Each structure stands twice: as structure tokens, then as C-alpha cells.
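Working notes, structure below.
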Amino acid sequence: MTGSDAAQVPASWTHLRRWPDIESPELRAWDATDQLLLQHGLQQAATEGLCGEHVLVLGDRYGALTLGLVEAGLRGVVSVQDSVALLTALKANADELGMAGFSTFSSLDEVRRPAGGGFGLVLWQLPRSVAEVEYWAVALRGLVADGATVWAGGRDKHMTPAMNKPLERWLGPVQPQRGRKKSRVLKVSAGGSSLVSVAGPIDSDAASRVLYPEPRTVLVAGNRITLHGDARVFGQNRLDPGTAFMLEKIAENDIDPEPGQRVVDLGCGNGTVAVWAARRWPDIRVDATDDSAAAVAATAASARASGVAEQVRAVTADAGEHLIPPLGEQPSHAEVSPRLVLVNPPFHQGAVVERAVGEKLLFAAREIAGRGGRVIAVWNSHLRYRAFLRENIGQTRQLGRDATFTVTETKV
Ligand SMILES: C[S@@+](CC[C@H](N)C(=O)[O-])C[C@H]1O[C@@H](n2cnc3c(N)ncnc32)[C@H](O)[C@@H]1O
């Protein structure tokens, strides 16, 4: 941190950690977007005499915004974050700093509109996709008060002018603000539930289509499956081409679990892999898990729609940690049995972290598979994970490769 940065940030930020997310000396737990959002938010809260119960934080990372507001004296702030790792980081930082007086949720569905008309102030670290911005804007509409202000920000490189359209359509007029250190914020003057959008009256069918998209039925590697998923979920309700390629290679190479062996869909997204596995192997149980609460909900919905809800257990967890017996503890029989882990690791993240994020899941896959288990992975061939798998997990063979993807089987 430079001297001028230190002067402008809340004292709590100097102690913020990213754990359990990836940590390294060059990765900080707050950024210039947090600074801009907090500055605008605190100014507005002071001018309008807002109390914390009327302040909503969306997409906070590591607690910078939530704890910045608490440090400034606002009590009762509501903070919503879909990622369990980021929510855990927020809580761990709050515990470490002895800070309380806020509540956390993983979805806006769980949040009640506060008395007195709704939230008057929203601080929002924007997601990167326009479709996801639209999802959250629709979900926010019923929770904000007439005349509320939504401060929405992000890094310049992750924001596009196309984001203004859904914000205007579902919330209200957008005024871009002056940027700072490659970050920018938008001031959205929200009209709450009585809003008549600039594009005309709000169409509630259109809102439902954004919040609850129709499921999609696809045929993949011999099995028909039905996929749910809104814009918060990787691939939404669609079949990812890399995943389809992995499932085809599993079928072509006659890869099967041993009788009674558990199969794990690590980073399950909309549940394509879990549901496909449950259909292909009707006698096995599948553990599906993802860091995103929305993904886990989508997986459970896909399993129900595909008629395999009994076989699929979907749990929100960081890198499947609930499937790894804690060091020194006697694992149960189900925990010791080697498992077949299927994984399509994330790679669409920021340039520095992208590899580390994927590697974190692959290390977890090794622990979850256990000695004698197997890890089947699909990855963009340019990521060259083969050496990594061989050096860190075990003997690795290629099951298939095309112009884009490689599928491997690694024995632990
Ligand atoms: C490339 S997507 C694959 C999704 C799905 N399996 C499919 O094939 O369509 C990677 C998934 O990993 C999840 N993910 C990323 N980091 C994670 C973590 N630390 N723990 C668990 N899941 C994670 C993402 O939320 C995302 O759903």
C-alpha cells in the first residue's frame, strides 16, 4: 500500500485478509472500486441521515465495504455475497477485528425489505457479465425504496457501457461518475417498486424470465438431462462445450466408478456433470459441490428436473472442503473410500489468479479422490495442466483432445 492509499482507507482495511481465497503478496483484499463505493456511500448516508438497516451491500469481497461501513458507525448493514469463500473471508475478518453489527446472506431471495420503504442505499461491486448485472438489478428492484441510490462499481477493464441498459431498465437513470485508479462507479437513482422504466412500464413476465429462466433439455453423451441456471451460474442453463467434451470422452473410454464408489462433481455449476453421472450410473451417489450458492441451487433443480434428485447431494463449499476429512480425524468408511472426481476447473478469472484458481480445485480434487481414487479433468489445452497433474496428483493419461480442450484421467 502507498502512503496516500493508507491515508484514505478505513483502519480495518489494513488488516483485511483474503483467506480462504488465494493469498499472495501482490493480491490485496480491497481495491480502488471499494474506495470509491465507500466514499460515495458514507457521504450519502451522512447527508440523508440513513441508518445501517437501510444500507445493502452486494458482492462485497473480503468484507471491505461491509466492515468499512461498520467502522464508520453504521449498524445493521445487510451484506449479500453468492460465494461461500468470500462470505467466509468477510466473517473471518470481522471476527479477527472484533467487528459485529451486520448480517450476511448468500442470495437476495433471503433478504427482507426493511421497514420504511426499503433500502435507501446500495453499494454494489458489479459482476463482470451484463446478464448477471441484469439478474441482480431485477432482484434488487423490489427491495429498494423510491428514491434510493445504488452505487455500482468495478474495474474499468471489467465494465462495459452495455451494463447501463439493464440498470436503467430495472432500477432507474444511470449517471457515470469520475473514475479513479482504473475503477469507476455508476450512480443509479432507483425508483423502487413504483418505478416505471425508461423503456416503458416494467414487464413482470420479462422479470420472471430473468430470475427464473426456463430449464433447457439437452442430450449429452447418451443421456438426456434438464438444466436449470440463471445468470449467476456458470453456463446458465446451457451445456458447456468443454463439459460436453469431457462427458463424451468418459463414455468413449468406458470410464466407470467401481461398484459402490462415490462420484464427485467438483465445481458443479448448473449440475451438468452430476446429473449426467447420476443418469449414466443409476446405482451410484453423486456429491456435487460449488463455491456459488446459486450454482448449488441450480444443480439441485437440475437433478429434480432430470429425475435423479435421490442420487445427487448438492452442497455449497469452498473447493469441496466438506468432502476432505480434517487432518488427524478418523474418517468414516464413506470418506475413506477412493472416489471418482470429475472436474472442469474455472479458468475465466483475472489473468494473475486464473491458474491459481484452477490449481486450487485440482489440489482439492486429489484430496477428495483419496489414495486409489481418480480425477478426470477437462481444461483449455493452452493451460497445459498435464505436467501439473502428473507432478502434483499422479500418473496421468489423455482421454481425448480437440482444437480447444484436453481431457485427462489421473490416478491418485
Ligand atoms: C468452468 S465452471 C464448471 C461448471 C460445471 N461443472 C460445468 O461443467 O458446466 C467452474 C465452476 O467452479 C466453481 N468454482 C470456482 N472456484 C471454486 C471453489 N473454490 N470451490 C468450489 N467451486 C468453485 C465455479 O463457481 C464454477 O461453477
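The values are calculated or read from the model by the stated rules, or taken from the named source; none is laboratory data. Since this is a predicted model, take the numbers as computed values, not measurements. Please note: Cβ atoms are built from the backbone with ideal geometry, for glycine as well, and neighbour counts cover all protein chains shown. The area values use the complete protein model at the heavy-atom level, side chains included, leaving out ligands, DNA and RNA. Shrake-Rupley method; radii C 1.70, N 1.55, O 1.52, S 1.80 Å.
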Problem set entry | Flag if T299 is open to solvent by less than 10 Å² (accessible area, probe 1.4 Å), within 25 Å of R232 (Cα to Cα) and β-branched (V, I, T) | yes
For this session: Being in contact with a strand residue (DSSP E or B) (Cβ under 6 Å, 6 or more places away or on another chain) and either within 10 Å of the ligand (Cβ to nearest atom) or free of Cβ contacts under 8 Å to residues at least 12 places away in the same chain (or both) is the filter here, so list the residues in region 232-243 that pass it.
Result: L239, G242
Exercise. Looking at region 270-283, which of its residues are more than 16 Å from the ligand (Cβ to nearest atom), under 16 Å from G222 (Cβ atoms) and not aromatic (F, W, Y)?
Worked result: P282
For this session: Would you list the strands (runs of 3 or more DSSP E) that sit entirely within region 42-161 and hold 3 or more residues that are open to solvent by 20 Å² or more (accessible area, probe 1.4 Å)?
Result: 102-105, 144-155
Exercise. Across region 365-412, what is the number of residues that are of a type in the set (S, T, Y) and under 21 Å from R262 (Cα atoms)?
Worked result: 3
Exercise. Does G267 fit the bill of being open to solvent by 10 Å² or more (accessible area, probe 1.4 Å), in contact with a helix residue (DSSP H, G or I) (Cβ under 9 Å, 6 or more places away or on another chain) and either more than 12 Å from the ligand (Cβ to nearest atom) or not assigned by TED's automatic domain parsing to the domain that holds P338 (or both)?
Worked result: no
For this session: Look at W170 and say whether it is surrounded by 23 or more Cβ atoms within 10 Å (Cβ to Cβ), at pLDDT below 95 and within 19 Å of G59 (Cβ to Cβ).
Result: yes
For this session: Could you pull out every one of the helices (runs of 4 or more DSSP H) wholly within region 298-412 that has 3 or more residues that are modelled with pLDDT under 90 and more than 15 Å from the ligand (Cβ to nearest atom)?
Result: 333-336
Exercise. What residue, among those in region 244-263 that are buried (at least 23 other Cβ atoms within 10 Å of the Cβ) and within 11 Å of the ligand (Cβ to nearest atom), is nearest to V218 (Cα to Cα)?
Worked result: L247
Exercise. Which pairs do you get when a residue that is among the polar types (S, T, N, Q), found in region 135-163, comes within reach of a residue that is surrounded by fewer than 24 Cβ atoms within 10 Å (Cβ to Cβ) and part of a helix (DSSP H, G or I), reach meaning Cβ atoms under 9 angstrom, with the pair 6+ apart or on two chains?
Worked result: T149/H40; T149/Q44; T149/E48; T160/V130
